[in-house]
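S.K.: Quick one: the structure is below, questions incoming.
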Number of protein chains: 2
Amino acid sequence: MSIEANGDDESQTHPLLSSEKPSLARSASQVAIVGANLCPIESLDYEISENDFFKQDWRTRGTVQIFQYVLLKWLLCFLIGGIVSLVGFCNNLAVENIAGVKFVVTSNMMLARRFVMAFVVFWASNLMLTLFSVLITASVSPAAAGSGIPEVKAYLNGVDAPGIFSLKTLFVKLFLKSRCLYEPSSNCWNVMIIGSISAVSSSLIVGKAGPMVHTGACVASLLGQGRSKKYGWTWSWLQFLKNDRDRRDLIACGSAAGIAAAFRAPVGGLLFALEEMASWWRSALLWRAFFTTAIVLMILGALIEFCESGKCGPFGKGGLIMYNVTSTDISYHLWDVPPVLLLGVLGGLFGSLYNFLLDKVLRVYNVINRKCSGYKILLACSISIFTSCLLFGLPWLASCLPCPADAEEPCPTIGQSGSYKQFQCPPGHYNDLASLIFNTNDDAIRNLFSKGTNDEFQYSSILIFFGICFFLGIFSYGIVAPTGLFVPVIVTGASYGRFIGMLVGSHSTLNRGLFAVLGAASFLGGTMRTTVSACVILLELTNNLLLLPLMMLVLLVSKTVADAFDSNIYDLIMKAKGFPFLEAHAKPFMRQLTVGDVVKGPLQLFHGIEKVGNVVHVLRTTIHNGFPVIDEPPVSGSPVLYGLILRAHLIELLKKKAFLSSPEPTGIDVSEQFSVVDFAKKGSGNANKIQDIVVTEEEENMFLDLHPFTNASPYTVVETMSLAKALILFRQVGLRHLLVIPKIKRRSPVVGILTRHDFMPEDMISLHPAWTRSRWKRWRLTSPRWLNPF
Amino acid sequence: MSIEANGDDESQTHPLLSSEKPSLARSASQVAIVGANLCPIESLDYEISENDFFKQDWRTRGTVQIFQYVLLKWLLCFLIGGIVSLVGFCNNLAVENIAGVKFVVTSNMMLARRFVMAFVVFWASNLMLTLFSVLITASVSPAAAGSGIPEVKAYLNGVDAPGIFSLKTLFVKLFLKSRCLYEPSSNCWNVMIIGSISAVSSSLIVGKAGPMVHTGACVASLLGQGRSKKYGWTWSWLQFLKNDRDRRDLIACGSAAGIAAAFRAPVGGLLFALEEMASWWRSALLWRAFFTTAIVLMILGALIEFCESGKCGPFGKGGLIMYNVTSTDISYHLWDVPPVLLLGVLGGLFGSLYNFLLDKVLRVYNVINRKCSGYKILLACSISIFTSCLLFGLPWLASCLPCPADAEEPCPTIGQSGSYKQFQCPPGHYNDLASLIFNTNDDAIRNLFSKGTNDEFQYSSILIFFGICFFLGIFSYGIVAPTGLFVPVIVTGASYGRFIGMLVGSHSTLNRGLFAVLGAASFLGGTMRTTVSACVILLELTNNLLLLPLMMLVLLVSKTVADAFDSNIYDLIMKAKGFPFLEAHAKPFMRQLTVGDVVKGPLQLFHGIEKVGNVVHVLRTTIHNGFPVIDEPPVSGSPVLYGLILRAHLIELLKKKAFLSSPEPTGIDVSEQFSVVDFAKKGSGNANKIQDIVVTEEEENMFLDLHPFTNASPYTVVETMSLAKALILFRQVGLRHLLVIPKIKRRSPVVGILTRHDFMPEDMISLHPAWTRSRWKRWRLTSPRWLNPF
């Protein structure tokens, strides 16, 4: 966690930077790497703010408005499903056609023995595609870089990284310092699609699932925000959705739709969103996400049927990956279990190693990418060139194999995509390594999973391919382009699964394609550590339910083994990026600390009726987002905690200049001055800023009555509560601020405020004398994740 | 909600009856119908009680103990999976053999034209099996009656109905008033299995899935409690599991295993537990449940392989239901959608009607069953006789059909189970209605789902069969025997699905078996209202993933239609039984009420150092389970809320007689007198009772220092918080007591205690003047469930 903010002025010019403690303003956990940039992060607020406006809002909502609200949610889910399935379809089709043309052109040159020319074409087209992807990502939308799944997962946990999106010209921005921008709040999903298409087409070992999830989340956020200012009619319908809770739900549906569209796996996508991404879930949301993924499936099905008539380009089958490995009866016996267990153990070991290496490489890349724009491009180009050289060079090591007599497709494949590539071989022969490399990742997976091809590959070729996928996957992920992890993980797992299958050979009743499927499962279990969703996604991909018992076995073993070493890949990436992700369960040492131990800091309070100048001063000089409001004598008999007021609401008050000339409540109905809409959550980046508020000297001496705008019943905990117990409340309810009240009434009625950052082990470990950092490290090192008692 | 407790003495002799308010002691929501009896119910407590002992427990737990704890959890899951799969296997085998013998004997008599004799055999064997099931259930374990799913669902929501289990002889107990006994806490699962086998074998339209879930929950609970007193060695390992949180997790795994074993559907079972049963879920639990269901699947697979060699009785294929409807390519087009939509709509209408009727019938049955034991038996016998007459009589209405020339199995089937029953028909002919009726439900479903049999059934036979299943399913459920709902719902749905398929005929590319599958999906969606899990269970049952898009469509439509009328069947049953189920979301009117409005009742407090006589008196005269502890001058400067103490802990103090002679804390280390184990949650029914505590007059004048035993940091809310917002905390964290503190410090430091019952709309609706009962009813009537804004 050695990430530091750029400098002092950064935190001053970014009042959105959401530290609650000035002393921690520049600590590591207040900023995160979004895309390749260091951005201030903000927490989301799922608490119901019970002030006068929200009460009024509840009371006045009639059946019609509730109907609008419910209908709108379903409508948005329908639209999300529709758009995401279209995107997924286009994405797939474009990759198939671009990569198809590239491979056919190269192959034809090879066939004409123009090897150097072929290499130059291959090399140049890959470089151009990579460069295009990096340029468009870095310039237009740096946050589109990477898988996107960690960002969306963090957002669903309550971490937002808002930024300022200003559309300057491409090349101007490229050489300026890139801005912070977080995806679910901006309309750069078109960038993500184009970037993802060119990155995947450029023979880099990167996937499309992550960018699809990110796209789904963006589409959901964008639809939820609506175009209220342009088209007035949407306003009245969308106003009820202007809060963090509903936006979170939409984004959860969007991310489920993303996986569903990437793999044509509706149930698997839903379960992935549920198991891996969402921090809060409930059965109403399950149903809506189910609806969304059903829409995705139906539209995809219709589009694929359309493509089957050959209207989708020379190489576009639009089939997505659907590796149909159905064989009428798969039977397996007890002696198939040892090799399957071996696969599980290997998956766990390789998976944790993969995560470890990826984490290290990503941290180095983060440093490089943040230096300046040129470095990003240089890095991506080096990776592309290196990849091209390896991919073109290594097949020469493989010896040529004669075409099998009973091959189901033409061998060698000439002028089209297929499983037998001739490469440098004489006619009637094929190069097995080139057959894997000179195809899209999807085709390589299909090839590895295929069942009637037991002797298609040599041991050495499979091993080399495994090495390529494993290491190039790690080195390709971190470049500033939309890159997914799912497909690289599946292809890597399938390659060593196939290898084990070849070793076992005829000793097993399982064919080698099924070993490849189980290998993919084991590597998914070892890296992503998902169980149910990985299982269902693979079953939906392979359309074979009879494999279920072995797949469950392999997933259980690989996850258990891998959990002994490190945590899942998305959590590692989130940590490397600096997102303050709130775990569902407390670390053991949190039971030793009370909340009173943690909140020792100067506390910024407001009085129920506060001087305007005071409010402005505090807002300008601090970066807090919530302030306790206190009533003191003579307003009340003794100091009383009235509630909690949010920065956004205070700024709204200042903007509307709802000032009083004397410090006495006027009793005027504030609902005449304000409406609920004024206090609705603004879209990311659109929030009012205190710098834009101008207050005259005369106004500074006036007063603000904060009572009607204060959340009068915030959640509170007593200072003697253990941090572990407070975390349960904080995490389960989804809070942004948690007020700490004193046990014994002798001081101020509020002791402090807990925020997300107070529960981060890294920030807090030094507070407790008995738990030094080294001891905590020892705890982490000596206790594997499955020894976590929760 | 018109269920009343039996009388005044009931609530006096049941101090475990968990009302927090004396005035509500005998209100409807304090008792529930468990089995056929009215039982007091108790809430479960998931809050971490932070008193000195628990703090000490945390601090002293070393890595070894954590390792024990984690290992034990996995071991228990393994055992649950193993036992449940064995039970499921035996259950299936026994039903296949018993029903097989019965049907073959009857068929042979029919073949010999001895129709009366055949009827008598059929009638008598059914009656005997039903009677056996009812007798064993009613006498040994009344709580085993019914599906069990509502009880387990309520338990997982935090509602327990503890009772006293005393093993008297069968016939003595039969004619006494049956005791209250809730399953997850007793070892009567053997009763459930036997009862379920005989009920299912007796040709009643009842299923086995519900009892299997209940069995899974029992096994889990029993294993979690362990046999600590008999085998000392288990004590030290099991002590960390002696709390409601861990028990809840185990029971969730057990219920997932139950469905997995009943249908051989591991992922479906897991999702059912997640979607329908569990109120709290987290990803660690998902993984453990996945492990459990994987174990179930593997052991079941091994056992079925064993049976394939013919060692499992004349009729035992042990195959469970696995309706393999794979046809290599299912294709469907746009014109298949209208009939599928029609199925969805029909499923919704039939489903809500089914729920409505079942609810009404169940309420009548509840009254009958509670009158006396004779009535239960009489009711069950009438149902059995009525069923036998219908099943034997109706096939005479069906005309005989000639055997198809291309039949895959012998036609007519003689001397074995099969799809073509001759019944009264001449040789070479079969009776299509008898083929459905004179088989187990599993075989009937397999028959309806079969694909190569387009002309096997006549319209009239299918319609009659639908009527039988629909109405007999409703009337059979409520008898005092273990009866599931899943299989009747599937068979009913399959029958009208097949009917629609026959109507559509060759206009559709889908065959009639697939229509039956979709019909089953629609009826599952219409009654249970599950989406993802119903979808996955059916896919696992039919082993056909290509059906997914249509199945999703049909489930979405049927659930939407049905939700417009009533709620899901398990919720209706829970309501009819009187379980205070805590919904995840607030009713709209709860936003209008503050917690201060709700807690107006006399509050029973203790002081930090309290007189023994006072404690005994309060415990004897109230039925509260939690008491606020207050420190007043001179102990503290002003009245301070010290915390909350539980009844169970107070009784433990009284039992150990940890008394002080003067009202001053002695400073003696209480950990010498007590250990953590003393305060561990006892198994249901084993809790200490205040009646068993004897306190002398001298001791009554002594004092108790409650401080070390009080939960010093309970969750609190301020009295002005809306009930809706308090519910979020209460439900999400899983509380039993929630303390309400005053906004302004002028009174006692605590205003009242909220419990589960305070959030029940039925109890509370009258409190708010603006929301009269009728207005609330109008709200419920005018707004279908899908208009619920959450």
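Just so it is clear, none of the values below were taken in a lab; they were calculated from the coordinates. No experiment lies behind these values; they were computed from the predicted model shown. Positions of Cβ are backbone-derived with ideal geometry, glycine not excepted, and every protein chain shown enters the neighbour counts.
S.K.: Would you please classify the overall shape of the range A:48-147 from the alpha carbon gyration tensor, given that a ≥ b ≥ c denote the square roots of the eigenvalues, rounded means a/c under 1.5, and beyond that prolate means a/b larger than b/c while oblate covers the rest? Intermediate results must be reported in sequence, preceding the final value.
M.R.: Details: a/c = 8.51, a/b = 3.03, b/c = 2.81.
Prolate.
S.K.: Can you give the FRET efficiency to the nearest 0.05 for A:THR509 and A:PHE386, using r as the Cβ-Cβ distance and R₀ = 56 Å?
M.R.: 0.85
S.K.: Ranked from highest to lowest mean number of other Cβ atoms within 10 Å per residue, what is the order of the peptides B:103-115, B:484-496?
M.R.: Packing proxy ranking, top to bottom: B:484-496, B:103-115.
S.K.: Continuing with the same structure: How many partner chain Cβ atoms sit within 10 Å of a residue's Cβ in peptide B:281-291, on average, as a whole number?
M.R.: Partner Cβ neighbours, averaged per residue: 6.
S.K.: Separate question: About the Cα centre of the range B:600-713, how large is the charge dipole given +1 on each Lys and Arg Cβ and -1 on each Asp and Glu Cβ? Please answer in debye to the nearest 20.
M.R.: Charge dipole of the range B:600-713: 620 debye, to the nearest 20.
S.K.: In addition: Counting other C-beta atoms within 10 Å, and keeping those with at most 12, which DSSP coil trypsin sites (Lys or Arg not before Pro) do you find in the range A:436-533?
M.R.: Here no loop site has a sparse enough neighbourhood.
S.K.: Another one. How crowded by other chains is B:708-719, given as the mean number of beta carbons from other chains within 10 Å of each beta carbon?
M.R.: Taking all residues of B:708-719 together, the mean is 4.
S.K.: Measuring from a point 7 Å out along Cα→Cβ, what nm distances, shortest first, does B:TRP335 have to its partners in the other copies?
M.R.: Listed shortest first, these distances are 5.4 nm.
S.K.: Still on this structure: Testing the spin-label approximation: label points 7 Å from Cα along Cα→Cβ at A:ASP406 and B:VAL364. State their distance in nm.
M.R.: Placing both labels 7 Å beyond Cα along the Cβ direction yields 6.6 nm.
S.K.: Counting other C-beta atoms within 10 Å, which of B:ILE48, B:ILE753 has the fewest, and how do the rest follow?
M.R.: Sorted ascending by nearby Cβ count, the order is B:ILE48, B:ILE753.
S.K.: Right, next: Let's see if you can work this out: charge +1 on each Lys and Arg Cβ, -1 on each Asp and Glu Cβ, no other charges. What is the dipole magnitude of the range B:364-507 about its Cα centre, in debye to the nearest 20?
M.R.: 740 debye
S.K.: Further question: May I ask you to derive the FRET efficiency for A:PHE356 and B:GLN65 from their Cβ-Cβ distance with R0 = 30 Å, giving the value to the nearest 0.05?
M.R.: 0.55
S.K.: What number, in percent, do you get for the relative contact order of the range B:600-713 if the mean sequence gap of Cα pairs under 8 Å and at least 6 apart is divided by its residue count? Kindly include the intermediate steps, with their values, before the conclusion.
M.R.: Working: 152 pairs, mean separation 45.9, N = 114.
Rounded, it is 40 percent for the range B:600-713.
S.K.: Would you mind checking A:LYS421/A:LYS559; B:LYS208/B:LYS681; A:LYS242/B:LYS575; A:LYS587/B:LYS55; A:LYS376/A:LYS421 for any pair whose Cα atoms are more than 25 angstrom apart?
M.R.: Table pairs above 25 Å Cα-Cα are A:LYS421/A:LYS559; B:LYS208/B:LYS681; A:LYS242/B:LYS575; A:LYS376/A:LYS421.
S.K.: Hey, got the average number of other protein chain Cβ atoms within 10 angstrom for residues in A:638-646?
M.R.: 2
S.K.: Fewest first, what order do B:GLU308, B:GLU697 take by the number of other Cβ atoms within 10 Å?
M.R.: Final ranking by Cβ density, sparse to dense: B:GLU697, B:GLU308.
S.K.: While we're on this one: As an exercise, find the ratio Rg/Rh for the range A:368-419 from alpha-carbon atoms, using the Kirkwood inverse-distance average for Rh.
M.R.: Value, to two decimals: 1.28.
S.K.: Also, I was wondering about something else. Suppose R0 equals 51 Å; then what is the FRET efficiency for B:VAL105 and A:HIS585 from their Cβ-Cβ distance, rounded to the nearest 0.05? Walk me through the numbers before you get to the answer.
M.R.: Values: r = 59 Å, r/R0 = 1.15.
Efficiency for this residue pair is about 0.30.
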